[in-house]
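The values are calculated or read from the model by the stated rules, or taken from the named source; none is laboratory data. Predicted model, so just to flag it, every value in this text is computed and none were measured. With ideal geometry, Cβ positions are generated from the backbone for all residues, glycine too; neighbour counts draw on all protein chains shown. What goes into the accessible areas is simple: the full protein's heavy atoms, side chains included, and nothing from ligands, DNA or RNA. Shrake-Rupley method; radii C 1.70, N 1.55, O 1.52, S 1.80 Å.
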Amino acid sequence: MRYAVLSDIHSNLVALEAVLGDISEAEIDRYLCLGDLVGYGARPNQCCDMIREFDAVGVRGNHDEAAVDPGRAEWFTAPARYCILWTREQLRPDNLDYLANLPAVEILDDMTLCHGSIPDPGHYTVTAEDALLSFDAMNTSITFFGHTHYAEWFMSQQNGELPTEYPLPTGGRLTLEDGCRYLVNPGAVGQPRDVNEQAAYAIYDDETGEIELRRVHYEIEKAALQMKEAGLPDSMYARLWRGV
Ligand code: ZN
């Protein structure tokens with residue numbers, strides 16, 4: 001099977017369409033979505049519609065939770081809270097319902113899907129110590145996660161030992177080795193923060209054991225203009241050009 005792994009779309013339809021265009025040549029069997037479909041960007045319904053249309057296997061992110069239950073946005077920065085309350089007003093009931101019913105963790109064959117970490121969707125997996133929390137909780141060889149918006153992977157060779165971190169902000173390939181376990185972050189489709197402004201996603205082939213982290217150019221101007229026209233905070237689109 002060949003999987004396309006998407007995370008942190010954040011209502012950026014322009015970036016999502018660019019990624020789907022890139023994927024169209026890749027012969028994908030199944031789509032996986034690691035949460036935060038919405039928040040920040042200007043096209044929440046269209047992004048939900050597309051992911052639903054592809055029948056993606058998905059988990060919920062902290063922004064998806066806050067769109068459903070605004071009480072969860074209490075810890076957001078003021079501009080992020082503004083965006084999520086705006087998003088909640090825009091979302092059709094069927095899309096709110098879809099987000100409300102996404103699980104926190106999903107297991108599919110030998111893969112675990114989560115947003116921030118397996119024990120806590122809102123936890124940022126940044127360091128090897130953070131990664132250990134998910135390695136200790138996982139029962140599969142691979143976990144795909146998002147939330148930090150950094151494209152990277154962690155490898156664990158021995159249970160309980162600190163894993164090794166491999167940042168891949170410009171993309172690259174990973175070949176899975178027998179006996180090792182992996183935590184893989186495809187990066188963010190809609191708001192990359194690894195100082196590469198291009199949209200990020202991954203392709204996983206479970207027959208060859210290869211994971212390719214890819215970066216795709218998209219029209220940031222167009223996505224920013226949609227946000228500006230929607231009255232969303234300018235700090236939220238200014239960062240798109242800087243990839244932070
Ligand atoms: Zn996110």
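Data table
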quantity: Per residue accessible area of the stretch 2-241, 1.4 Å probe, in Å²; calculated: 42
quantity: Surface share of carbon and sulfur [accessible, 1.4 angstrom probe, percent] for the chain; calculated: 47
quantity: The chain - share of DSSP beta bridges that are antiparallel (%, nearest 5); calculated: 70
quantity: Over the chain, volume per residue of the alpha carbon convex hull, in Å³; calculated: 106
quantity: With DNA, RNA and ligands ignored, accessible area of ILE107 (1.4 Å probe; Å², nearest 10); calculated: 100
quantity: Stokes-Einstein translational diffusion, the stretch 119-244 - Kirkwood Rh over all Cα pairs, 1.002 mPa s, 20 °C, in µm²/s; calculated: 138
quantity: Residue-averaged 222 nm ellipticity for the chain, from DSSP H runs of 4+ at -39500 (n - 2.57), nearest 500; calculated: -9500 deg cm²/dmol
quantity: Cα-derived Rg to Rh of the stretch 1-137, Kirkwood definition; calculated: 0.97
quantity: Rg in Å to one decimal, and Dmax rounded to a whole Å, for the stretch 37-108 via C-alpha atoms; calculated: 11.7, 36
quantity: Stokes-Einstein D for the stretch 189-244, Kirkwood Rh over Cα pairs, 10 °C, 1.306 mPa s (µm²/s); calculated: 127
quantity: At most 13 other Cβ within 10 Å, DSSP loop - GluC sites (Glu not before Pro), the stretch 1-35; calculated: GLU25, GLU27
quantity: D (Stokes-Einstein, µm²/s), Kirkwood Cα radius, the stretch 69-189, 0.890 mPa s at 25 °C; calculated: 155
quantity: Rounded, prolate or oblate (a/c below 1.5 giving rounded, otherwise prolate when a/b exceeds b/c) for the stretch 97-158 by Cα gyration tensor; calculated: oblate
quantity: Residue-level accessible surface for HIS217, protein heavy atoms, 1.4 Å, Å²; calculated: 140
quantity: MET236 accessible area, 1.4 Å probe, all protein chains in place, Å² to nearest 10; calculated: 10
